[in-house]
Amino acid sequence: MKVAIVGTGYVGLVSGACLADLGHSVVCIDTDERKIAKLLQGIMPIYEKDLEELVARNVGAGRLSFTTSFAVGIPGAEVVSIAVGTPSAPDGSVDMQFVDAAAKAIGENLTGYAIIADKSTVPVGTSERVVEIIKSVTQQDFDVVSNPEFLREGTSVQDFMKPTRIIIGSGSARAIETMRSLYAPIDCAKLVMDARSAELAKYACNSFLAVKISFINEVAHLCEMIGADVDAVAEGMGSDPRIGKDFLRAGPGWGGGCFPKDVKAFIKLGAEHGHPMPVTNSAQAMNRLARSRIVERLKAELGGLSGKKIGVLGVAYKGGTDDTRESPAIDIIRECVEGGAEVTVYDQEARVVPEIHGFEVAHDDSPYEAANGAEALVVATEWEEFKVLDLEKLKQAMAGNLIMDARNLLDKEAAEKSGFRYMRVGKR
Ligand SMILES: NC(=O)c1ccc[n+]([C@@H]2O[C@H](COP(=O)([O-])OP(=O)(O)OC[C@H]3O[C@@H](n4cnc5c(N)ncnc54)[C@H](O)[C@@H]3O)[C@@H](O)[C@H]2O)c1
């Protein structure tokens, strides 16, 4: 099947490469010329496990190509996926400018019937909005389908290839049939529903997961105060299949390019319809608390931050990605810097970029260098390599002996045996 993907970011690039690997002929379009130039040279614009090899294999087989031209990518495509960004507008609603521009450019370049499948996370009613935009610029026949994407950064290729379900939101039998064929090689439930429910399902899903993380963080803070162990509590909860074990890891809260903006959009959607959304609002408040509590505990333990040398391991919002959008690590680093600490950070893929994050900080090339001379070390991102740190070497590098493990990654006994004062989330 001929497929065009509009927007070649985390979702577009991974979806395009995976669909090509399933045998489709895929063109990925992006308005970012530098990104497309890089991809044409085989350079990945993002870090994602298995992606480089997947892209190279499918480009080599002639099934995957990249362009900035809609006139090259759209004509003849049977399915056109929209995978552009849908960031938050200043008032918390969704900034639709990229979706609108993509829909217009697609419409202007249609040469026959096509299905426009929206993969971007978009407000309820967007399918109808996209229909109107495309209709205003073309006489061609088309259908619009809501096809929300559930992949996670860090495991996106695997998530795309082995999803738990694929949602097809449409009332058109022809479009549903084509979408079923597109995903035929993927063995999972294909849930067909109306477009509005499909659009809402994505927001409800991300907001529910955010609520679940915020809930366990609320429990974690209570554990610290009353002397219980959050891992044990989470095990006790998660063993109940009605609750489930996933998303019960206490830490510095949720971040990334999706949860924060999707939670905001979900709350905004409620407000627009006169619903106060108390559950989701509380999850958001708890998320702010989870980040600042890490710094508060550190501050209390160090007797203030001013003049203190602190090493921070991790910048990305989670392990396995270079994405720093709404990263708890960034907020922790920022609060330490603003509190007057001298901070050095290490992350194998992500960096603090002054133009993006609004502050500057020193980076080092290894965890041990970042720890050098530090009075305290904060583990802020759950990279695998931090689980196997040489604690003796770390201790020798540091001037002090405090570890604030915001991800509960290290082995408590081993850390204490190496002479550390070891603090973690959800344990006194
Ligand atoms: N990142 C994730 O893990 C994830 C998971 C599921 C869903 N989503 C949703 O998917 C959408 C895309 O997210 P992302 O993380 O891939 O974003 P991204 O910022 O990584 O990529 C978006 C891409 O779209 C391009 N673009 C913008 N306007 C365009 C236009 N008019 N024509 C062509 N290209 C254009 C940008 O240059 C950019 O490369 C969002 O709605 C997001 O909420 C993201």
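The values are calculated or read from the model by the stated rules, or taken from the named source; none is laboratory data. Predicted model, so just to flag it, every value in this text is computed and none were measured. Neighbour counts are summed over all protein chains in view; Cβ atoms, including those assigned to glycine, are modelled from backbone coordinates with ideal geometry. The accessibility values were calculated without ligands, DNA or RNA, using every heavy atom of the protein model including side chains. Shrake-Rupley method; radii C 1.70, N 1.55, O 1.52, S 1.80 Å.
Let's see how each residue does on (1) touching a residue at least 60 places away in the same chain (Cβ under 8 Å); (2) more than 23 Å from the chain's Cα centre (by Cα); (3) within 14 Å of Ile5 (Cα to Cα):
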site	(1), (2), (3)
Gln97	no, no, no
Ala103	no, yes, yes
Ile115	yes, yes, yes
Gly125	yes, yes, no
Ser136	no, yes, no
- Message: Can you tell me how many residues within the range 1-28 are open to solvent by less than 10 Å² (accessible area, probe 1.4 Å) and either in a helix (DSSP H, G or I) or more than 17 Å from Thr86 (Cβ to Cβ) (or both)?
- Response: 13
- Every listed condition ((1) within 16 Å of the ligand (Cβ to nearest atom); (2) in the same structural domain as Gly12 (by TED's automatic domain parsing)) holds for Ala198 save (2)
- Note on the structure: Residue count, the range 45-67, condition open to solvent by 60 Å² or more (accessible area, probe 1.4 Å) and either assigned to a helix (DSSP H, G or I) or within 16 Å of the ligand (Cβ to nearest atom) (or both), comes to 9
- Message: For a quick check of your reading of the model, give me the residue pairs whose first member lies in the range 53-80 and is in contact (Cβ under 8 Å) with a residue 40 or more places away in the chain, whose second is of a type in the set (Asp, Glu) and assigned to a helix (DSSP H, G or I), with beta-carbon atoms closer than 8 Å and at least 6 apart or on different chains.
- Response: Leu54/Asp21; Asn58/Asp21; Arg63/Asp21; Phe70/Glu108
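Quick check: is even one residue across the range 165-172 of a type in the set (Gly, Ala, Ser), open to solvent by 70 Å² or more (accessible area, probe 1.4 Å) and in the same structural domain as Gly16 (by TED's automatic domain parsing)?
Narrowing the range 165-172 to residues of a type in the set (Gly, Ala, Ser): 169-172.
From what's left, open to solvent by 70 Å² or more (accessible area, probe 1.4 Å): 171.
With in the same structural domain as Gly16 (by TED's automatic domain parsing) added as a condition, the list becomes 171.
Looking for residues that are of a type in the set (Gly, Ala, Ser), open to solvent by 70 Å² or more (accessible area, probe 1.4 Å) and in the same structural domain as Gly16 (by TED's automatic domain parsing), one finds at least one in the range 165-172, hence yes.
Of all helices (runs of 4 or more DSSP H) completely enclosed by the range 333-428, which ones contain at least 2 residues that are closer than 20 Å to Ser306 by Cα?
On the way: elements: 354-357, 367-371, 384-387, 391-397, 412-417.
Filter on the range 333-428 gives 367-371.
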- Test Ala414 against the criterion of being open to solvent by less than 80 Å² (accessible area, probe 1.4 Å), of a type in the set (Gly, Ala, Ser) and in contact (Cβ under 8 Å) with a residue 24 or more places away in the chain, and give yes or no. no
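Using the structure shown, decide if Lys308 is more than 16 Å from the ligand (Cβ to nearest atom) and touching a Leu at 6+ places or on another chain (Cβ under 9 Å).
Values: more than 16 Å from the ligand (Cβ to nearest atom): yes; touching a Leu at 6+ places or on another chain (Cβ under 9 Å): yes.
Answer is yes for this residue.
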- Message: Among the numbered criteria (1) assigned to a helix (DSSP H, G or I); (2) of a type outside the set (Gly, Ala, Ser); (3) assigned by TED's automatic domain parsing to the domain that holds Ser127; (4) open to solvent by 50 Å² or more (accessible area, probe 1.4 Å), which one does Phe215 miss?
- Response: (3)
- Scan the range 80-106 residue by residue and report those that are closer than 19 Å to Glu128 by Cβ and either of a type in the set (Val, Ile, Thr) or surrounded by 22 or more Cβ atoms within 10 Å (Cβ to Cβ) (or both). Val80, Ser81, Ile82, Val84, Thr86, Val94, Val99, Ala102, Ala103, Ile106
- Return the residue satisfying two criteria in turn: it lies in the range 282-300 and is of a type in the set (Lys, Arg) and within 19 Å of Leu402 (Cβ to Cβ), and of such residues it is surrounded by the fewest Cβ atoms within 10 Å (Cβ to Cβ). Arg297
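Tell me the residue from Glu360, Glu392 that is over 17 Å from Arg334 (Cα atoms), assigned by TED's automatic domain parsing to the domain that holds Ala220 and modelled with pLDDT of 95 or more, please. Show your work before the answer.
On the way: Glu360 fails: over 17 Å from Arg334 (Cα atoms).
After ruling out the rest, the residue left standing is Glu392.
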- Task: Could you figure out which of (1) within 16 Å of the ligand (Cβ to nearest atom); (2) surrounded by 20 or more Cβ atoms within 10 Å (Cβ to Cβ); (3) hydrophobic (A, V, I, L, M, F, W, C); (4) over 16 Å from the mean Cα position of the chain (by Cα) isn't true of Ile356?
- Result: (2)
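Yes/no per residue for (1) at pLDDT 95 or above; (2) within 16 Å of the ligand (Cβ to nearest atom); (3) assigned to a strand (DSSP E or B):
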{"site": "Gln139", "(1), (2), (3)": "yes, no, no"}
{"site": "Asp143", "(1), (2), (3)": "yes, no, yes"}
{"site": "Glu149", "(1), (2), (3)": "yes, yes, no"}
{"site": "Gly154", "(1), (2), (3)": "no, yes, no"}
{"site": "Asp159", "(1), (2), (3)": "yes, yes, no"}
{"site": "Pro163", "(1), (2), (3)": "yes, yes, no"}
{"site": "Arg174", "(1), (2), (3)": "yes, no, no"}
- Of the conditions (1) away from the ligand (no atom under 16 Å from the Cβ); (2) assigned to a helix (DSSP H, G or I), the single one that Lys190 does not satisfy is (2)
- Residues of the range 37-58 classified as touching an Asp or Glu at 6+ places or on another chain (Cβ under 7 Å), more than 18 Å from Leu22 (Cβ to Cβ) and of a type in the set (A, V, I, L, M), total: 2
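State whether the residues of the range 111-119 include one that is in a loop (DSSP other than H, G, I, E, B), under 26 Å from Arg325 (Cβ atoms) and within 8 Å of the ligand (Cβ to nearest atom).
Filtering the range 111-119 for residues in a loop (DSSP other than H, G, I, E, B) gives 111-113, 119.
In the following step, the residues that additionally are under 26 Å from Arg325 (Cβ atoms) were identified as 119.
Filter again for within 8 Å of the ligand (Cβ to nearest atom), leaving 119.
The answer is yes, given that some residue of the range 111-119 is in a loop (DSSP other than H, G, I, E, B), under 26 Å from Arg325 (Cβ atoms) and within 8 Å of the ligand (Cβ to nearest atom).
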